[in-house]
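Peer 1: Questions regarding the structure given below will be posed in turn.
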Amino acid sequence: MIPNSNIKISAIRGSFLDFIADPFFYPELETVRYIDDGLMIVSAGIIQELDTYDRLKPKYPEISVTSYPGMLILPGFVDIHVHYPQTEIIGSYGKQLLEWLNKYTFPTEGKLKDKSYAKKIASFFLEQLLENGTTTALVLTTVYPQSVDALFEEAKKRNMRIIAGKMLMDRNAPDYLLDTPETSYEDSKKLIQKWHGQGRLLYAITPRFAITSTSEQLHLAGVLKQEFPDVYLHTHLSEQQQEVELVAQLFPNSKDYLDVYDKFGLVTNKSIFAHSIYLSDYEFKRLSEADSNIAFCPTSNLFLGSGLFQIHRAKSEQNQVQVGLGTDVGGGTSFSMFKTDNEAYKIAQLQGQNLSSLKAFYLATLGGAKSLNLDDKIGNFNAGKEADLVVLNPRVTPLLKLRNERNKSHSVINIVDELFALTILGDERAVKATYVAGNLTLLAH
Ligand code: GUN
Ligand code: ZN
């Protein structure tokens with residue numbers, strides 16, 4: 001359809017790669033769509049059409065085309081678990097989870113009580129996402145409602161798809177970071193009414209984890225989820241053994257860690273559980289039944305010494321659970337989805353499994369979108385989806401040039417090999433441009 005002439009319409013030419021199905025369950029090469037010389041037509045931020053340049057260009061004889069020769073264009077990356085207030089403590093030395101929270105995280109989150117400071121960090125954080133080609137993220141904030149406002153205000157300016165919510169914490173943290181069951185309910189409700197569905201922004205009810213919430217607080221989180229079934233539920237689950245043991249002591253009547261959340265109606269198809277490393281078969285089964293979602297956070301799991309996430313158990317035929325990738329900055333060590341995929345690959349290797357390049361990029365795009373129930377809007381290049389794209393240079397550094405220049409042919413097999421090299425050797429320098437709803441953010445590298 002050719003849109004009305006006063007709507008902005010643009011065209012992008014390059015090599016496009018996206019997914020139309022899950023490579024964990026279908027023959028990989030049937031799940032990927034690759035157009036070597038493609039043309040994408042975007043109107044009012046929405047993908048109108050994507051086809052070969054030769055077929056599509058004659059339909060739009062007047063259109064001016066932005067071309068990216070030699071580049072690879074993918075759907076914008078989706079980071080389904082990241083803490084914006086922790087941006088400044090990335091790479092803090094030497095502690096495992098509970099000590100790391102006390103020593104570095106809590107004092108830093110306290111600084112975001114000051115809204116102007118929160119705005120500064122939120123702005124820096126969102127620019128980091130764009131630098132790394134990430135256009136959608138599910139983000140943790142702090143206990144202070146103003147830190148949520150700060151993030152949403154900055155995300156709105158950039159028209160990014162950001163899901164976030166106020167952190168709920170009413171015990172086992174310093175006093176300055178505590179709310180109460182009632183204030184957490186009231187504050188979250190106000191924020192939902194203010195932000196959920198405003199442009200591209202969405203809300204997630206966010207109890208930090210079972211250790212920092214009482215039963216009363218989790219109960220009210222469940223009440224809120226029932227009152228607003230369309231919002232998300234976002235939390236941590238089974239990240240470290242010491243944490244799992246403490247949860248068992250704090251909730252002696254729960255069968256297992258997941259059951260703590262389940263008892264309060266928090267295990268739903270719009271729930272995202274970060275980490276999920278030490279899960280029983282029963283917990284996987286329950287997540288599968290509830291159509292819940294896991295955020296696999298490889299750089300964080302290695303950095304904090306948490307353990308090896310068993311993606312093959314989540315991606316099993318019997319107990320399928322949707323999985324996306326989280327950078328989990330600042331427990332995670334990079335905003336880059338290449339580096340995240342890189343560590344995910346090694347975590348699979350250490351368990352005698354292989355995470356192919358296509359699987360890894362599926363997780364970073366359509367897999368993430370499905371985990372957020374947003375695959376009707378983002379995640380691949382189907383017509384009608386929002387035009388969030390990342391333009392990659394597979395030969396950006398001398399080493400990548402040497403590695404990827406071997407590939408003279410443009411067959412899908414070779415492109416997949418280039419992508420694998422990017423996973424292992426790449427970082428944000430390989431991101432040449434990021435498009436958010438059709439608008440170009442040109443990057444310096
Ligand atoms: N569990 C509870 N809070 C956190 C956090 O801030 N980071 C990580 N990695 N795990 C958590
Ligand atoms: Zn986290």
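Peer 1: Considering only strands (runs of 3 or more DSSP E) fully contained in region 341-445, which possess at least 2 residues that are buried (at least 22 other Cβ atoms within 10 Å of the Cβ)?
Peer 2: Of the strands (runs of 3 or more DSSP E) lying wholly inside region 341-445, those with at least 2 residues that are buried (at least 22 other Cβ atoms within 10 Å of the Cβ) span 389-392, 431-436.
Peer 1: If you don't mind, there's one more thing I want to ask. Mind checking which pairs have a first residue in region 168-192 that is touching a residue at least 12 places away in the same chain (Cβ under 8 Å) and a second that is in a loop (DSSP other than H, G, I, E, B) and among the aromatic types (Phe, Trp, Tyr), Cβ under 7 Å, 6 or more apart or different chains?
Peer 2: Correct list of pairs: Ile192/Phe228.
Peer 1: Now, a different point. Checking the conditions here, which among Gly91, Gly110 is away from ligand 2 (no atom under 13 Å from the Cβ), at positive phi and small (Gly, Ala, Ser)?
Peer 2: Gly91
Each row is one residue, and each column tells you yes or no for (1) of a type outside the set (Asp, Glu); (2) away from ligand 2 (no atom under 16 Å from the Cβ).
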site	(1), (2)
Lys270	yes, yes
Ser280	yes, yes
Asp291	no, yes
Thr299	yes, no
Lys315	yes, yes
Gln322	yes, yes
Leu325	yes, no
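Peer 1: Let me ask something additional. Which members of region 277-333 meet the condition of being away from ligand 1 (no atom under 11 Å from the Cβ), among the charged types (D, E, K, R) and at pLDDT 95 or above?
Peer 2: Asp281, Glu283, Lys285, Arg286, Glu289, Asp291, Arg313, Lys315
Peer 1: Within region 220-247, work out how many residues are over 14 Å from Lys263 (Cβ atoms), outside any strand (DSSP E or B) and within 16 Å of ligand 1 (Cβ to nearest atom).
Peer 2: 9
Peer 1: Going by the structure shown, is Lys111 of a type in the set (Lys, Arg), within 16 Å of ligand 1 (Cβ to nearest atom) and in contact with a helix residue (DSSP H, G or I) (Cβ under 8 Å, 6 or more places away or on another chain)?
Peer 2: Yes, satisfied.
Peer 1: Still on this structure, I have one more. In region 176-208, how many are of a type in the set (S, T, N, Q) and either in a strand (DSSP E or B) or surrounded by 24 or more Cβ atoms within 10 Å (Cβ to Cβ) (or both)?
Peer 2: 3
Peer 1: Among all residue pairs at least 6 apart or on different chains, which show Cβ distances below 8 Å where the first residue, located in region 287-298, is over 14 Å from Gln320 (Cβ atoms) and the second is of a type in the set (Lys, Arg)?
Peer 2: Listed pairs, sorted by first residue: Pro298/Lys346.
The values are calculated or read from the model by the stated rules, or taken from the named source; none is laboratory data. As the structure is a prediction and not an experimental result, all values here were calculated from the model. When we count neighbours, we look across all protein chains shown, and the Cβ atoms used for this are built from the backbone with ideal geometry, even at glycine.
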